[in-house]
Amino acid sequence: DWQRESLDGQLDRLKNENSEGSQFIAAPPDEESLDLLLEGGQDVIFMLQHEPVYTLGTGSDESFLLGNTHGVDVVRIERGGEVTYHGPGQLVVYPILD
């Protein structure tokens, strides 16, 4: 819980220190807003926390999951690697560079 609170505090700080000429969206954009961001010809960085999820890369299968996943979603993805857990309190950054 302390990690999630710390991350939320850092995101709030970024929102308050937003520099001129940049955009900081503190909530996930809807599909229309996302399309506008990506069509704008500018670099975009998404910083977010996922709901709990295990991703299975191309080098893995469900036998790689050890024991019970406690109701956490398991999603197959098209990146390399094996099993990765994402969840609250873990900052994930997706740079989209144009």
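The values are calculated or read from the model by the stated rules, or taken from the named source; none is laboratory data. In this text, all values refer to a predicted model and were calculated from it rather than measured experimentally. Accessible surface areas use protein heavy atoms only, side chains included; no ligands, DNA or RNA. Shrake-Rupley method; radii C 1.70, N 1.55, O 1.52, S 1.80 Å.
Please work out which one of (1) open to solvent by 80 Å² or more (accessible area, probe 1.4 Å); (2) farther than 26 Å from residue 9 by Cα is the condition residue 71 fails and give its number.
Every listed condition holds for residue 71 apart from (1).
Determine which member of the set 76, 4 is at pLDDT below 75 and open to solvent by 70 Å² or more (accessible area, probe 1.4 Å). Spell out the reasoning first.
Numbers: 76 fails: at pLDDT below 75.
Checking each option against the conditions leaves just 4.
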